[in-house]
Amino acid sequence: MSDLIDDPHPGQNLPEFSVSEVSGAVKRTLEGTFGRIRVRGEVGRVFKARSGHLYYDVKDDRNVLACTTWKGQIAGLSVVPEEGLEVVVTGRLTAFGAQSKYNLNVDEVSVAGQGALMALLEKRKKQLEAEGLFAPERKRALPYLPRIIGVVTSPQGAVIRDILHRLRERFPRKVLIWPVAVQGSNCAPEVAAAIDGFNRMTPGGALPRPDLIIVARGGGSIEDMWGFNEEVVARAAAASDIPLISAVGHETDTTLIDFVSDKRAPTPTAAAELAVPVRLDLLAWTGEQGARLSRAAGDAVARRAQRLNDLARALPRPDSLLDTPRQRLDRMSDRLPVALTQGVRKRELQLSRLSAHLRPATLRALVETRRDRCRNLASRLSLHPIRREIGARRDRLTQLSDRLQAAQKLRVDRLRQDLAAADRLRETLSYKATLARGYAVVRGDGGVVTERAAAERIAALEIEFADGRLTVATGGRQTGKKSGGDKPEQGSLF
């Protein structure tokens, strides 16, 4: 640091530095001494600024080391720091002279051991479960025979070949493959984007939207499959409107996406088996059902034919059904000429009796009677519109009377309510409410007495309490006294 030394003042042996010189020397010393280092500790406070930079602390039981990851470095982190997570951070130690602080610029974060990963996984699992993302009622049923299946996996490797081979064996379907990274720092964002991308497709479009999504990956360590434990992947799977099967790892492997998916498959091959039925089994089943239907239809027709034959044997012959009506027709045809002759003769006798009463005078009187009746009816018909008008006016008057009575009753009720409100206000403002709290009103000589001197000059006072009034003699000058200087009959109130 000889280049920082200035000429000392006379009589002083210590060199003199500027603040920037000291800060620069400290910064060069830290960066030169430590360079790129790895630090293990527990993540403390985590803060992401609006600029996109990430600030957090790494601490042990005694000290805290401030860490910074710039916006452009966050995408390269395999693990995003979370509070309480034990990690190993790698970066360069540097100093920030503007605040006399030093920190570690971190460009790589890894979890310190499998135990820390499991603790973080359990923490995320409890958080998502508390939000209801694992609830059984949220899970949708898988389509029985999807037309299009979307697969989110790596295009290389045995997983996609196993899925396509199993689908081809069971029931060939159209498959859309969305290639993603299945491990590393790009795994979680690419898988989440793939699930969201399939959901954004238009049904029946140029690239049709799938009816089912399979998220698949082969087995591996917990670090390799950690991308499927990220919260962004779990939330994307939970928000999917398309039914989703998770097939990550082997049967013993469990990731967060398994809990939020609609169905978990132990292996990618098993996911293909859950996605579609076996075509040959369906053909055999449909053939069997067709044969059963044919047999059932034949048996039903045979049973009904037998029943029809049984009923036909129980019916009588058609000729025997017509014998009785034919005999009845013969009897009626024999009786008809005699009945017609007798009917004509009876009508002739009745006509003769009626014609004997029809004389001209009788006919004239009958006509006059009918004419008078017609005149009466005509006069009554002329008065009918007047009566109808009177009836209509009477109904109108009744309606107006009812409305008037209702309006009057409403007005009286409103006035009664106003009067009651005014009375309650009067009671509130009255001095009698004060009397109920222990006060009293003193009156004398027709007015209210408010001073002691005035009360002593009055012979008798009237005191009003809450429950009544009381008259009291005070012994004042106006009180009558007996001759000879006798004392008043009653002592002074004061």
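The single residue among Leu207, Leu176 that is over 27 Å from Val79 (Cα atoms), in contact with a strand residue (DSSP E or B) (Cβ under 8 Å, 6 or more places away or on another chain), part of a loop (DSSP other than H, G, I, E, B) and not assigned by TED's automatic domain parsing to the domain that holds Leu283 turns out to be Leu207. Check whether at least one residue in the stretch 401-409 is hydroxyl-bearing (Ser, Thr, Tyr) and under 30 Å from Glu464 (Cβ atoms), and report yes or no. No, the stretch 401-409 contains no residue that is hydroxyl-bearing (Ser, Thr, Tyr) and under 30 Å from Glu464 (Cβ atoms). The test for being over 30 Å from Gly468 (Cα atoms) and at pLDDT 85 or above does not hold for Arg416.
Taking the criterion of being assigned to a loop (DSSP other than H, G, I, E, B) and either of a type in the set (Lys, Arg) or touching a helix residue (DSSP H, G or I) at 6+ places or on another chain (Cβ under 8 Å) (or both), the residues of the stretch 79-111 that qualify are Val79, Val80, Glu82, Gly84, Leu85, Ser100. Among the residues of the stretch 247-274, those that are in contact with a Phe, Trp or Tyr (Cβ under 9 Å, 6 or more places away or on another chain), of a type in the set (A, V, I, L, M, F, W, C) and farther than 18 Å from Ala158 by Cβ comprise Leu256, Ile257, Phe259, Val260. Phe198 - would you say it is surrounded by 17 or more Cβ atoms within 10 Å (Cβ to Cβ) and aromatic (Phe, Trp, Tyr)? Answer is yes for this residue.
Checked against the criterion of being more than 60 Å from the chain's Cα centre (by Cα), among the hydroxyl-bearing types (Ser, Thr, Tyr), assigned to a helix (DSSP H, G or I) and loosely packed, with under 10 Cβ neighbours inside 10 Å, the candidates Thr362, Thr324 yield just one match: Thr324. Could you look through the stretch 211-259, keep only residues that are among the β-branched types (Val, Ile, Thr) and either in a strand (DSSP E or B) or closer than 16 Å to Ala141 by Cβ (or both), and pick out the one that is modelled with the lowest pLDDT? It comes out as Val248. The sole residue among Glu273, Glu288 that is part of a helix (DSSP H, G or I) and touching a Lys or Arg at 6+ places or on another chain (Cβ under 8 Å) is Glu273.
What residue, among those in the stretch 135-166 that are small (Gly, Ala, Ser) and under 19 Å from Met225 (Cα atoms), is modelled with the lowest pLDDT? The extreme case among them is Gly157. If only residues of the stretch 136-163 that are free of Cβ contacts under 8 Å to residues at least 24 places away in the same chain and more than 32 Å from the chain's Cα centre (by Cα) are counted, the one that is farthest from Glu190 (Cα to Cα) is Arg161. Do we have Leu85 as touching a Cys at 6+ places or on another chain (Cβ under 7 Å), among the hydrophobic types (A, V, I, L, M, F, W, C) and outside the structural domain of Val233 (by TED's automatic domain parsing) here? No: the conditions fail for Leu85.
The values are calculated or read from the model by the stated rules, or taken from the named source; none is laboratory data. All values derive from a computational prediction rather than experimental measurement. All Cβ positions, glycine included, derive from the backbone under ideal geometry; neighbour counts span all protein chains shown.
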